[in-house]
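Down below is the structure, laid out as structure tokens.
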Amino acid sequence: MSELNISELNFDKLNGLIPAIIVDKNNGSVLMLGFMNKQALQKTIETKLVTFFSRTRNTLWTKGETSGNYLHLQDIKPDCDNDTILISAETDGNTCHLNKYSCFDIEKSSSLSFLNSLFALIKNRKIELPENSYTTGLFKSGTNRIIQKVGEEAIETVIAAKNRDRKEIINETSDLIYHLFVMLAEQDIDFSEVVQNLENRHK
């Protein structure tokens, strides 16, 4: 989690409160907006459960304490003026009190950010080479074997598509993406470079 210096935040603009924008850590969707005083922010950091200050009840409240739909703290970032914070959280269920995913009526989307996390993990495996890891075994087997695996998974994906086997297409595509990531890491090419290239082509 990012380092946060509470003393640098400006709580004076809203008489001791600061707006807190909550986003889903998996896809960046905005879940809700709440307000925190210093005590609520400190409790959030200590318990790792997002806690707000209720302006109507004049007390602290932890999101999910009655519904069970807690928001598990992942990261906190202040804005450029230090008078608003952005909180990344893992959700236990729907965030809105109307039993919706988001208070802004946003539909939950699949997490593409997982691809970045997966690629980061693969790059880390290349450096640390932990024992009993399939990825470590691939890196130790060398370039030719890594490239061969990409070819094998590509062929298996094509076969699954020709057979119109939905489950196998998903499985084989997953294998192909994973082995492509290993190949990119072995070649010292970052996944972000591929994404940037796709964006450039789109333009």
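Under the simplified labelling scheme, the residue 96-residue 66 pair shows an inter-label distance of 1.8 nm, with each label point 7 Å from Cα along Cα→Cβ. When the GluC sites (Glu not before Pro) in the stretch 70-159 are filtered for DSSP coil states and for at most 10 other beta-carbon atoms within 10 Å of their beta-carbon, the remaining sites are 107, 131. Using R0 = 30 Å, the C-beta based FRET efficiency linking residue 59 and residue 86 works out to 0.80. Name the residue, out of 48, 123, 13, whose mean-square fluctuation peaks in a Gaussian network model built on the chain with Cα pairs under 10 Å. Between 48, 123, 13, it is 13 that shows the largest mean-square fluctuation.
Given the pairs 77/140; 77/100; 43/100; 100/126; 25/140, which span a C-alpha to C-alpha distance of over 30 angstrom in this model?
Details: 77/140 39 Å; 77/100 25 Å; 43/100 26 Å; 100/126 41 Å; 25/140 33 Å.
In this structure, 77/140; 100/126; 25/140 exceed 30 Å between Cα atoms.
Taking the inverse of the mean reciprocal distance over all distinct Cα pairs, the Kirkwood hydrodynamic radius of the stretch 102-203 comes to 15.4 Å. Only Lys, Arg, Asp and Glu carry charge here, each on its Cβ (+1 for the first two, -1 for the last two); on that basis the chain has a dipole of about 400 debye about its Cα centre.
Each of 72, 202, 97 was scored by other Cβ atoms within 10 Å of its Cβ. Listed from fewest to most, they are 202, 97, 72.
Residue order for 59, 136, 84, fewest other beta carbons within 10 angstrom first, comes to 59, 136, 84. Over the chain, dividing the summed -39,500 (n - 2.57) contributions of all DSSP H runs of at least 4 residues by the number of residues returns a 222 nm mean residue ellipticity of -14000 deg cm²/dmol.
Taking the Cα centre of the stretch 6-91 as origin and assigning +1 to Lys and Arg Cβ atoms and -1 to Asp and Glu Cβ atoms, the resulting dipole is close to 280 debye.
Each of 52, 114 has some number of other Cβ atoms within 10 Å of its Cβ, and from fewest to most they run 114, 52.
Read-outs: derived from the displayed coordinates by stated rules, not from any lab. In this text, all values refer to a predicted model and were calculated from it rather than measured experimentally. Methodologically, a virtual Cβ is constructed for each residue, glycine included, from the backbone with ideal geometry; neighbour enumeration extends over all protein chains shown.
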